[in-house]
Amino acid sequence: MQTRAPEDPTVREFTATVTELNKQTVTLDHTYFYDESGGQPPDTGTLGDIQVTDVQSVNDVIEHTLASTPTFDTGDTVTGIIDDEFRTYCMRAHTASHIIYGAGRRILDELGYGGFGIDSEKIRVDFTTTTSIDDQTLIQLEQLTNQTVWESRDITWETVPTAEATTREDVAFNTKTEEGVMSSADSVRLVDIDGWDVAACGGTHVANTNAVGPVTVLDRSNPGEGMTRVEFAVGPTGIDRRATQHHALRETAMTLETNITELSDRATALRNERDELDSRVNDLEAKIVDSAITDFESTQTDTAVWRIGSITEIAVAANDAGEAAKRAIESRSGNNDEGTPRGSVVVVVGTDERPFVVIAADDASEVNAGTVIDELTNRYGGGGGGGPSFAQGGGFDASASTIRSALHEWSQPSS
């Protein structure tokens, strides 16, 4: 026995005969309660004034689970009342998913249908497509969907042979349904939104798109490889989201002293100003760091001038200190007392409790930066590495002054 809900979705009250009773599980000779299937949740309501908490199809039999053990018995006639608010919500939500898929057919390439689901707050539709569904695409989906709602297109359904349905290019199939239930079914039910979408579906639907009401796209995600999930809302959730967004837009426009239509341009201008200021700040900070390195205490060996120190003028990250050390090497050369070329080594020691160290050295210095870092990690722990010309380490179990002193010792000229 199948539920009569899909064929007569407006029925909210009916009488039926109890054919089987097992504690709180009831089977009827017929039912208008929708059993959970294909992403649509089961109906709620009452049987014989007892709350229905679940409806499932088990071995082609519709089982109604009640909140408590009923007083009626097998053979009795009972009245079933379907929760109108929840059924109507599910009808609107399910139809909205078909409308959105129809919108996807018009703007998404190589589109496939991965399924859908309804909960009390939102609805999801899973698309398989080669098109990247970005923010602009979401806006298009919402716009086309609400346009179709406004156009008041009639919705009909019919049952056709499976062989006929599977040969029609205009019919959308849920891959799981096609591989599962439909693989052994002789017929399939098609839901047709006039001139917009045709899909194999066993759910409950409204009779016209105008009954769906406004649809609000909420978000997107990627639940699996090659699949994009679009979440949307109908009813109060969607209305509340739109009101929240509209309020936020107006508040933001007021703060930025513009109007909603010019908000995007204003935000772009502010971002460009911010980027320009960030660039200027970065340039100034780089000059401060470069100047600080110039003032580092220097030690001359037979082959190199070592400059070792910490930057205290501003906070400097290890990567920025490393780039500054490299710049210093590129701009610096020295000579020993006899006028022969001398290499350069620049060492920046961080000032944190467990400081970093970056070392840059040129070829003429005959100093291997990676070896110096290895020596530091052997003595003070931490980690790091690098090559002859540049290396860095961090997490040393020693203060910045201790590390600087050790480096100064190593950089003393040989006697």
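Brief remarks follow.
- Principal-axis tilt of helix 135-150 within the chain, Cα atoms, nearest 10 degrees: 20 degrees
- Each 10 Å bin from zero holds the following percent of Cα-Cα pairs in the chain: 4, 16, 17, 12, 9, 10, 12, 11, 6, 2, 0, 0.
- Helical content alone sets the calculated 222 nm signal of the chain at -11000 deg cm²/dmol, taking -39,500 (n - 2.57) per DSSP H segment of four or more residues and averaging over every residue.
- Per residue, the convex hull around the alpha carbon atoms of the stretch 13-82 comes to 73 Å³.
- In terms of other Cβ atoms within 10 Å, V160, V52, V347 run from fewest to most in the order V160, V52, V347.
- For the stretch 203-299, the set of GluC sites (Glu not before Pro) satisfying both a DSSP loop assignment and a count of at most 10 other C-beta atoms within 10 Å is given as E225, E257.
- Beta bridges per DSSP with both ends in the stretch 291-410, % antiparallel, nearest 5: 75 percent
- Think of each Lys and Arg Cβ as +1 and each Asp and Glu Cβ as -1; about the Cα centre, that makes the dipole of the stretch 291-410 roughly 160 debye.
- Whole-Å semi-axes of the stretch 291-410's equivalent ellipsoid (Cα gyration tensor): 22, 15, 13
- The stretch 1-50: chymotrypsin sites (Phe, Trp or Tyr not before Pro) falling in loop per DSSP and having at most 13 other Cβ within 10 Å: none
- Charges were assigned to the Cβ only: +1 to each Lys and Arg, -1 to each Asp and Glu. The resulting dipole of the stretch 13-82 about its Cα centre is roughly 120 debye.
- Computed from the C-beta positions of A286 and R266, the FRET efficiency with R₀ = 51 Å rounds to 0.95.
- Each 10 Å bin from 0 upward holds the following percent of the Cα-Cα pairs of the stretch 214-264: 24, 32, 31, 12, 1.
- Gaussian network model of the chain, springs between alpha carbon atoms under 10 Å - residue of G393, G203, G38 with greatest fluctuation: G393
- Farthest positive-ward along the chain dipole, Cα basis, beta-carbon charges - from A233, V305, V367: V305
- C-alpha long axis of helix 369-380 to longest principal axis of the chain, angle in °: 80 degrees
- Residue-wise HN-Hα couplings along the stretch 195-203, as the Karplus relation 6.51 cos²θ - 1.76 cosθ + 1.60 with θ = phi - 60° gives them from phi, are x, 10, 7, 10, 9, 6, 7, x, x Hz; Gly and Pro carry x.
- For the stretch 1-132, Kirkwood radius (reciprocal of mean inverse C-alpha pair distance, Å): 16.0 Å
- Overall, the chain carries a charge dipole of about 640 debye about its Cα centre when +1 sits on the Cβ of Lys and Arg and -1 on the Cβ of Asp and Glu, all other atoms neutral.
- Ranked by how many other beta carbons lie within 10 Å on average, peptides 318-325, 186-193 from highest: 318-325, 186-193
- With each label modelled as a point 7 angstrom along the Cα→C-beta vector, the Q412-E121 pair spans 6.8 nm.
- Binning all Cα-Cα separations of the stretch 119-248 at 5 Å, short to long from zero, yields these whole-percent fractions: 2, 9, 16, 19, 20, 18, 11, 4, 1, 1, 0.
- Residue exposure sequence - M227, M254 - by fewest surrounding Cβ within 10 Å: M254, M227
- The chain: angle of helix 84-107 to the longest principal axis, Cα-based, in degrees nearest 10: 60 degrees
- Whole-Hz couplings from phi, Karplus 6.51/-1.76/1.60, listed for the stretch 58-65; x for Gly and Pro: 10, 6, 6, 10, 7, 10, 9, 9
- Positive-pole candidate from Q2, T268, A200, dipole of the chain, charges at beta carbon: T268
- Toward the positive end of the charge dipole of the chain, with +1 on the Cβ of Lys and Arg and -1 on the Cβ of Asp and Glu, the farthest Cα among V78, Q245, I107 is that of Q245.
- Listed by chain and number, the aspartates and glutamates whose alpha-carbon sits under 19 Å from that of K287, ignoring those within fewer than 8 places in the same chain, are D275, E276, D278, D295, E297, E313, D320, E323, E330.
Bear in mind that the values in this text are calculations on the coordinates, not laboratory data. Predicted, not measured: the structure shown is a model, and the values here were computed from it. Don't worry about glycine lacking a Cβ; one is built from the backbone with ideal geometry, like all the others, and counts go over all protein chains shown.
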